[in-house]
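Working notes for the structure below.
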Amino acid sequence: MTTLDIFAAMRARAVAALREILPDLPEEAFARVATEPPRDPSHGDMATNGAMVVAKAAKMPPPKLAAELAAKLAALPEVAEAAPAGPGFVNIRLKEDQLRALLPAILSAGSAYGDSAMGQGVRVDVEYVSANPTGPMHVGHCRGAVVGDALALLLRKAGYDVTREYYINDAGAQVQALAYAAYWRYLQALGTSMTEEEYAAAVPGGLQYRGEYLIPVGVALRQIFKDTLAEPGAKPAPAERWLTTVRDFAVQAMMAAIREDLAALGVHHDVFISEAELVQQGKLDQAEAVLRAKELIYRGVLEPPKGKTPDDWEPREQTLFRATAFGDEVDRPLRKSDGSGTYFANDIANHLHKIERGFAELVHVWGADHGGYVKRMNAAVAALSDGKVKLDVVLTQIVHVMKGGQPMRMSKRAGTYVTLRDLIDEVGKDAVRFTMLTRKADAQMEFDLDKVVEQSRDNPVFYVQYAHARCRSVLRQAGDPPVAELAQAPLDALSDPAEMALIRRLAAWPRTVEAAAAAREPHRIAFFLQDLAADFHVLWNKGRDDATLRFIRADEPEATRARLALVAATATGIRAGLAVLGVEPVEEMR
């Protein structure tokens, strides 16, 4: 077995054996054959469901077919034992020399360990963050940013051609509200005699954004435009005189601040797409024309909303998209009463733009409050692409930031919430990124600032980084032997159960990458790293109690080289996993 992915290799062996047993079965009969780690490690290194999933097509009882398959697999040179189990599984145990042989391959692969061709270069657009450009990034944005960025890195690791995209929501009412708030700060910079309350009373919808972050924007407007955007005495001028100028200026200023916040988190996008520009380019009209040509647009009246009917609801004719033809509960409006596009219609234009750019798969990372939007967006993508483009939506739940056992107070600068910068300043970007991935994205989480900086095994960030630092400490103590030299080390000395458990954990990395990428779940990488770190710490502690298991022994040079190869391979595995999470490995703990 020469491949780094022992599970993929054994699946191929199992399929080949089944073909020998059942030569008349078509190729598609073997499509669902899988080889995975068993739930109970005592059952072996891996288990295959091959007999169970093929039995129906073969018209054989699964246990009988499993027995025949087990006999075939047991005869393989790399297999120590293969035995039928349960309703049709086969448990497989590899020979230890086969497992040990993975170490030089891991060392030779280096940072490429776990790289997969699963994605086959398929073009994937991962859109994440996409926050309204109305203020600083907050903790809610942070989780989506980390999940999206790690998912993009994971998909690249799995062989996809990934584009990381930020969709700028700069065409709605919230951006207009931002313009009015920035204009107030401009009037302040000019020395207006108006009070904030007086100005707020004159603003359509009130003054929504009152955070201090807009003060520098107002100062910059004054520096560039002097008093030309105001009436004498620093009083408000008619909106048509300044609204577009201030809105565009404020959006650019907010996007610059958002980019800085994301960079501080280690998040970088390949492209930024403006909603306003897509509308100006006629993408909304183009998308509507595409759907109309497919007879998916009509004029109609929607049923009243279920439950309590809003006071302002009225049955009126609208331009509607036949979303129900693609699994949505109701058809969806595309135009407002003034003829402008609905939020959904602008999103359809955005997705047509993605499809035209040649993406085969689209992945969105949204807050959980957008869960009700998923079906209609899936319907739109299916309609626009004739079902050829796949859309996956990853939902992220809210994060509660705790400090001293209490919710963290809001940021003075932002005015209403804890900012991303507040979080990074408290614990650093790597701790933020890793911690955000220690739970599944759609599970609520408490981000305990005290726990994140705690140096204990209960802190997963510290626990994983400490494992890497310990690996590096051992290798430095040994004079940092060249990787090529360690890759040539004889490995027979590695036989203790703790050593073999660590090798088995390392062997699971390629499969973990593919499984996490397929499920769109980057948190699986954080879980793998915690397990790998735990296995290494167990071995470290065992060596403290049993001198024969210490990594460096002057009286046993061969065993020392073997154990240094294991330590170096472990460090390689940790670095590979941290790279997917966008986290820098620590060389030593202070």
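Along the axis of the charge dipole computed for the range 186-241 (Cβ charges of +1 for Lys and Arg, -1 for Asp and Glu, origin at the Cα centre), the listed residues ALA237, LEU187, VAL219 are led at the positive end by VAL219.
Ignoring lysines fewer than eight residues from LYS226 along the same chain, the ones with Cα atoms less than 19 angstrom from its Cα are LYS235. Across the range 183-193, coupling constants 3J(HN,Hα) worked out from phi with the 6.51/-1.76/1.60 Karplus curve, θ = phi - 60°, read 5, 4, 5, 5, 4, 4, 5, 7, x, 4, 8 Hz, and Gly and Pro carry x. Semi-axis lengths, largest first, of the ellipsoid equivalent to the range 173-264 are 21, 14, 12 Å, with √(5λ) applied to each eigenvalue of the Cα gyration tensor. Whole-Hz Karplus values for the range 417-425 come out as 8, 7, 7, 4, 4, 4, 5, 5, 5 Hz, taken residue by residue from phi with 6.51 cos²θ - 1.76 cosθ + 1.60 and θ = phi - 60°; glycine and proline positions read x.
Dipole of the range 173-264 computed with +1 at Lys/Arg Cβ and -1 at Asp/Glu Cβ about the Cα centre; of VAL203, LEU262, VAL246, farthest Cα towards the positive end is VAL246. Within straight-line reach of LYS403, meaning a Cα separation under 16 Å, sit the following lysines at least 8 residues removed in sequence or on another chain: LYS451.
Roughly how many Å is it from the Cα centre of the range 324-355 to that of the range 552-590, as a whole number? Here the two parts' Cα centres lie 52 Å apart. Rounded to the nearest 10 degrees, the inclination of helix 374-385 to the longest alpha-carbon principal axis of the chain is 90 degrees.
The charge dipole of the range 6-94, taken about its Cα centre with unit charges on the Cβ atoms of Lys, Arg (+1), Asp and Glu (-1) only, comes to about 180 debye.
Add -39500 (n - 2.57) for each DSSP H run of 4 or more in the chain, then divide by its residues: what number comes out at 222 nm, to the nearest 500 deg cm²/dmol? Don't jump to the answer; show the numbers that get you there.
Values: 23 runs with 287 residues, N = 590.
Result for the chain: -15500 deg cm²/dmol, rounded to the nearest 500.
Loop sites by DSSP among the GluC sites (Glu not before Pro) of the chain, restricted to those with at most 13 other Cβ atoms within 10 angstrom, leave 1-294 as the longest stretch without any of them.
Under 12 Å from the Cβ of LEU207, count the other residues' Cβ atoms, weight Lys and Arg +1, Asp and Glu -1, and hand me the total. So the surrounding residues net to -1.
When only the Cβ of Lys, Arg, Asp and Glu is charged (+1, +1, -1, -1), the dipole of the chain relative to its Cα centre reaches about 300 debye. Net charge of the neighbourhood of ARG222, taken over other residues with C-beta under 15 Å away and scored Lys/Arg +1, Asp/Glu -1, is +1. A simple rule links phi to the HN-Hα coupling: the Karplus curve 6.51 cos²θ - 1.76 cosθ + 1.60 with θ = phi - 60°, which for the range 264-281 gives 5, 8, x, 9, 9, 9, 7, 9, 10, 10, 8, 4, 4, 5, 4, 5, 5, 7 Hz, with x for Gly and Pro.
Each of ARG39, ARG476 has some number of other Cβ atoms within 10 Å of its Cβ, and from fewest to most they run ARG39, ARG476. With K and R counted +1 and D and E -1, the other residues having a Cβ less than 9 Å from that of ASN346 yield a net charge of -1.
Counting other beta carbons within 10 Å of each residue's own, what order do TRP366, TRP509 fall into, fewest first?
TRP366, TRP509
Residues TYR298, TYR213, TYR180, TYR186 in ascending order of nearby Cβ atoms (within 10 Å, fewest first): TYR298, TYR213, TYR180, TYR186.
Using the alpha-carbon centroid of each, what span in Å lies between the range 242-257 and the range 170-215? Spelled out, the Cα-based centre of one part sits 13 Å from the other.
The numbers here are math on the coordinates, done by the rules we state, and not lab data. Computed from a predicted structure; not experimentally measured. FYI the Cβ positions are ideal-geometry reconstructions off the backbone, even for glycines, and counts take in every protein chain you see.
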